[in-house]
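The values are calculated or read from the model by the stated rules, or taken from the named source; none is laboratory data. Bear in mind the structure is a predicted one, so any value in this text is a computation, not a measurement. Reconstructed Cβ throughout: ideal geometry from the backbone, glycine too, with neighbour counts over all protein chains shown.
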Amino acid sequence: MISPPVLPSNEIVFALCVVSILLVPFVGVGLTLINTGLGRSRSAGHSMMASLCVMAIAALVYFVCGFAWQGFPGIPAHVLIAGGKSWDWIAAQPFFLRKLNLDGSAASLAVWLQMMSVGIAALIPLGSGGDRWRLRAICFSTAILAGWTYPVFAHWVWGGGWLAQLGVNSGMAHGFLDAGGSSTIHVVGGLTALSIAWILGPRRGKYSSNGMPSAIPGHNVTYVLAGCLFALTGWIGLNSAGAFLFTGVEGRRIILIAINTIIAAASAGLTAALVTRVRFTKPDASLTANGWIGGLVASSAACALLQPAEMMIVGIIAGALVTFSVEWFEFGLRVDDPGGAVSVHAIAGIWGLLALGLLARFPDNQSGQWLAQVIGVATLLGFVLPTAYALNWLLDRFHPQRVGIEGERQGMDLHELGAEAYPEFITHTEEYLPH
Amino acid sequence: MKIAGFLLLFTGWILVLVALAILPASSSRTGFILAGIAVEILGLVLAARTHRILPEDQG
């Protein structure tokens, strides 16, 4: 049996860690409500069902093989020797969590947290593939994410891998840092969401023949806004647990982490409301919700490292960035992303990672943190995006991911589940009528 | 062209890795890393442009 490499420093930290992890499922609740609310009413039941399947498959696949690839600092791993230094690239663990004591060690707490974090990462693409992504394809795609893409990158950041070693091996301050999962959870999920949106293509009726997008508003804004509040609760737990387990901060930092998380969400949400109020004369509820979540995503990387005033700046920039980015993807790049998943998770996450490099100060005054963060972002773009795209493209060759035209017309609820979420509603079909 | 975009993304990342492995800490290493990121941005632009689909292309 492997002895735990790092034990939580004392009973208080252990208790705080457990309580924090217990809050994490609320992030999943929040994202599920947001994805469902921003989709069409005729796909609402399908969206909720898909979220449940995603959480289940992600947890099981992570249990079977995910942790075997991800590992934890101090646990045996495969290394490559390059330039006279050893670079840790993947964990060397048996499948099914064998050889791991589930006894309250830091590694066992990390497994518990990761079984939900990987589900959160896998929920993100549901936002971009809404109203047209088949349930079976969602399940296969989730298995790919939870079984390979996520654990490999998470090993590099949280498992003592080569990105975490950049400080020791390359003299870049503390190496790539991400306490709460801006990169491992959100950018990985957001870039997978971009791959899915590209592979599926836009919903029928979304773009006219000259490429102009038509508005397909979300069917239930109350779900979306309630989801934001659930997400905030869960995010405090996610950021705290991640900071304790992966950056080793002391227990009293939980206050700073919670305050930073709230400030980032509040400043980003209000910025998005203000920007849309100025641009469209009235605040836009769905973009405000996107801004709110974007602030939470951006807060994760440096939640334990920045002062609240600095985190407010991070939140304000995240809120504005998400608002403009959603429009840019829709109008400029013709990416049909009903939930704004790419902007909220990938763009805001990258901003959070870079903000850590720019704003965080360390007692030892080591330089080079910004370069480590830039290399982490380069890895996300150069490894995670092509990998997610290639694996989902291959899946699409063998098992088409997009529902047929009849399924889109009927709605995913009737077509895939045989029953509607709101049977008393009228189905709107005007986008299928000839113009 | 879609494949070319992703190949450029991957190649840019390999440049970053090579810079880390073979160059000592210096401004040339930083320059090499930033050059790799520039290649990635080129790949991202190419990938994004090749995915701008009009409804008639969708079938």
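The table for this structure:
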{"read-out": "Pairs where the first residue, in segment A:124-141, is at positive phi and the second is assigned to a helix (DSSP H, G or I), C-beta under 8 Å, 6+ apart", "value": "A:Asp131/A:Ser43; A:Asp131/A:Glu408; A:Asp131/A:Met412"}
{"read-out": "The lone exception for A:Arg334 - which of (1) touching a residue at least 60 places away in the same chain (Cβ under 8 Å); (2) buried (at least 24 other Cβ atoms within 10 Å of the Cβ); (3) within 26 Å of A:Ser209 (Cα to Cα) it fails", "value": "(2)"}
{"read-out": "Any hit, segment A:109-120, residues being in contact (Cβ under 8 Å) with a residue 60 or more places away in the chain, more than 25 Å from A:Leu33 (Cβ to Cβ) and touching a Ser or Thr at 6+ places or on another chain (Cβ under 9 Å)", "value": "no"}
{"read-out": "Residue within segment A:99-122 that is buried (at least 16 other Cβ atoms within 10 Å of the Cβ), of a type in the set (A, V, I, L, M, F, W, C) and under 30 Å from A:Glu406 (Cβ atoms) present", "value": "yes"}
{"read-out": "Helices (runs of 4 or more DSSP H) lying entirely in segment A:285-387 (those with 3 or more residues that are closer than 30 Å to B:Ile14 by Cβ and more than 14 Å from every other protein chain (Cβ to nearest Cβ))", "value": "A:285-301, A:348-359"}
{"read-out": "Any hit, segment A:63-74, residues being in contact with a strand residue (DSSP E or B) (Cβ under 8 Å, 6 or more places away or on another chain) and on the phi > 0 side of the Ramachandran plot", "value": "yes"}
{"read-out": "When residues of segment B:30-59 are limited to those that are over 22 Å from A:Trp87 (Cβ atoms) and polar (S, T, N, Q), the one modelled with the lowest pLDDT", "value": "B:Gln58"}
{"read-out": "Verdict on A:Phe140 being under 15 Å from the mean Cα position of the chain (by Cα) and part of a helix (DSSP H, G or I)", "value": "no"}
{"read-out": "Which listed residue is within 20 Å of A:Gly294 (Cβ to Cβ) and in contact with a helix residue (DSSP H, G or I) (Cβ under 7 Å, 6 or more places away or on another chain), from A:Leu371, A:Leu391, A:Leu395, A:Leu358", "value": "A:Leu358"}
{"read-out": "Residue list for segment B:1-29, restricted to those being at pLDDT below 95 and within 7 Å of chain A (Cβ to nearest Cβ)", "value": "B:Leu20, B:Ala21, B:Ile22, B:Ala25"}
{"read-out": "Spans of helices (runs of 4 or more DSSP H) in segment A:165-257 with at least 1 residues farther than 26 Å from A:Thr387 by Cα and in contact with a helix residue (DSSP H, G or I) (Cβ under 6 Å, 6 or more places away or on another chain)", "value": "A:221-246"}
{"read-out": "Condition met for A:Gly237 (surrounded by 21 or more Cβ atoms within 10 Å (Cβ to Cβ) and either without any contact (Cβ under 8 Å) to a residue 24 or more places away in the chain or farther than 30 Å from A:Pro73 by Cα (or both))", "value": "no"}
{"read-out": "Considering residues of segment A:166-199 that are of a type outside the set (Ser, Thr, Tyr) and at the interface with chain B (Cβ under 10 Å from one of its Cβ atoms) only, the residue surrounded by the fewest Cβ atoms within 10 Å (Cβ to Cβ)", "value": "A:Gly171"}
{"read-out": "Which listed residue is at pLDDT 95 or above, within 24 Å of A:Gly130 (Cβ to Cβ) and of a type outside the set (Val, Ile, Thr), from A:Ala68, A:Ala50", "value": "A:Ala50"}
{"read-out": "Hits in segment A:53-69 - residues which are within 17 Å of the chain's Cα centre (by Cα) and crowded, with 24+ Cβ neighbours inside 10 Å", "value": "A:Val54, A:Ala58, A:Tyr62, A:Gly66"}
{"read-out": "Options A:Glu430, A:Glu420; residue that is touching a Leu at 6+ places or on another chain (Cβ under 8 Å) and either modelled with pLDDT under 95 or not acidic (Asp, Glu) (or both)", "value": "A:Glu420"}
{"read-out": "Some residue of segment A:206-222 being crowded, with 18+ Cβ neighbours inside 10 Å, within 10 Å of chain B (Cβ to nearest Cβ) and touching a residue at least 24 places away in the same chain (Cβ under 8 Å)", "value": "yes"}
{"read-out": "Residues of segment B:30-51 satisfying the condition of being touching a residue at least 12 places away in the same chain (Cβ under 8 Å) and facing chain A (nearest Cβ under 7 Å)", "value": "B:Ile33, B:Gly36, B:Ile37, B:Glu40, B:Leu44, B:Ala48, B:His51"}
{"read-out": "Filtered residues of segment A:388-411 (kept if within 14 Å of chain B (Cβ to nearest Cβ), assigned to a helix (DSSP H, G or I) and either touching a residue at least 40 places away in the same chain (Cβ under 8 Å) or touching a Leu at 6+ places or on another chain (Cβ under 7 Å) (or both))", "value": "A:Ala388, A:Tyr389, A:Leu391, A:Asn392, A:Trp393, A:Asp396, A:Ile405, A:Glu408"}
